[in-house]
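Peer 1: Just dropping this structure here.
The values are calculated or read from the model by the stated rules, or taken from the named source; none is laboratory data. A quick note: this is a predicted structure, and the numbers were derived from the prediction, not measured. Glycine also receives a Cβ, built like all others from the backbone with ideal geometry; neighbour counts cover every protein chain displayed.
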Amino acid sequence: MSKTVLKRDELPAGSSIRRVSETATELGLDIEIVRMADSTRTAEDAAAACQCQVGQIVKSLVFENSDTGAITLLLVSGAHNADLDHLASVHGLKLGRCDGRRVRDETGFAIGGVAPIGHKIAVPVYMDEALMSHDIVWAAAGRPDSVFSVDPKALAQATGASVISVRPGSD
């Protein structure tokens, strides 16, 4: 698999990928952003490109909280789907689909490249407990072809994420 390590000074000023790099530094995360030659749009594609298990891929899923109207970020293992009924009944999170335009407007990222950090606004973050079983996870870096690796515990701490079960049977 072909990949290119991106240096911060090579990233376009004002770009979403630059925002991820700068936010990582502000949060104390030591990351290296990598642009893959192959697609990283799906968890399976990303795992193949990163040469890791699908469970090590962080899917950054943006939902609308039905109670507050605010967007909410779920960081979910690539091996799982978020069960919205489970999230509502166990965690009190009533989440629904969020329009792609709203995702871009409020996070600064297009669907497929939503990063767990660097959003335009403060967003509540919830993290799949399954990600914590890995030493390293891979997340989108603001573009559908770019990723970074990080210790999931450091990511949870940096984002202020609440670590939760996202599906039945994982409590």
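Peer 1: Report every pair of residues separated by at least 6 positions or lying on different chains whose Cβ atoms are under 6 Å apart, first residue within the stretch 79-96 and farther than 20 Å from V58 by Cα, second small (G, A, S).
Peer 2: Close Cβ pairs satisfying both conditions: K94/S66; K94/A88.
Peer 1: Kindly indicate which of V123, V103, V163 is modelled with pLDDT of 95 or more, in contact with a helix residue (DSSP H, G or I) (Cβ under 8 Å, 6 or more places away or on another chain) and outside any strand (DSSP E or B).
Peer 2: Matching residue, one of V123, V103, V163: V123.
Peer 1: A further question on this structure: Cβ-Cβ distance below 7 Å, separation of 6 or more or different chains: which pairs start in the stretch 6-28 with a residue that is on the phi > 0 side of the Ramachandran plot and end on one that is assigned to a helix (DSSP H, G or I)?
Peer 2: G28/A158
Peer 1: Also, I was wondering about something else. Which of the residues that make up the stretch 71-90 are touching a strand residue (DSSP E or B) at 6+ places or on another chain (Cβ under 8 Å), of a type in the set (G, A, S) and either loosely packed, with under 15 Cβ neighbours inside 10 Å or part of a helix (DSSP H, G or I) (or both)?
Peer 2: Residue satisfying the conditions is A88 alone.
Peer 1: Does at least one position in the stretch 40-56 carry a residue that is surrounded by 16 or more Cβ atoms within 10 Å (Cβ to Cβ), in contact with a helix residue (DSSP H, G or I) (Cβ under 7 Å, 6 or more places away or on another chain), in contact (Cβ under 8 Å) with a residue 24 or more places away in the chain and closer than 18 Å to A24 by Cα?
Peer 2: no
Peer 1: Just give me the residues in the stretch 1-24 being closer than 13 Å to F148 by Cα and either surrounded by fewer than 12 Cβ atoms within 10 Å (Cβ to Cβ) or touching a Cys at 6+ places or on another chain (Cβ under 7 Å) (or both), in sequence order.
Peer 2: V5, K7, listed by residue number.
Peer 1: Turning to a different aspect of this structure: Taking the stretch 106-120, which residues are assigned to a helix (DSSP H, G or I) and either among the hydroxyl-bearing types (S, T, Y) or within 14 Å of the chain's Cα centre (by Cα) (or both)?
Peer 2: Residue satisfying the conditions is T107 alone.
Peer 1: In the stretch 114-162, which residues are of a type in the set (V, I, T), within 21 Å of T68 (Cα to Cα) and crowded, with 16+ Cβ neighbours inside 10 Å?
Peer 2: Hits for the stretch 114-162 are V123, V125, T159.
Peer 1: While we're looking at this one, here's another question. For the stretch 5-46, give me the residue count where each residue is at pLDDT below 85 and of a type in the set (S, T, N, Q).
Peer 2: 3
Peer 1: Test each condition in (1) within 29 Å of G14 (Cβ to Cβ); (2) at pLDDT below 95 for P168 and report the one that comes out false.
Peer 2: Only one criterion is unmet by P168, namely (1).
Peer 1: Which residues, counting only those in the stretch 13-39, are in contact with a helix residue (DSSP H, G or I) (Cβ under 9 Å, 6 or more places away or on another chain), part of a loop (DSSP other than H, G, I, E, B) and closer than 22 Å to A154 by Cβ?
Peer 2: Within the stretch 13-39, G28, L29, D30, I31 qualify.
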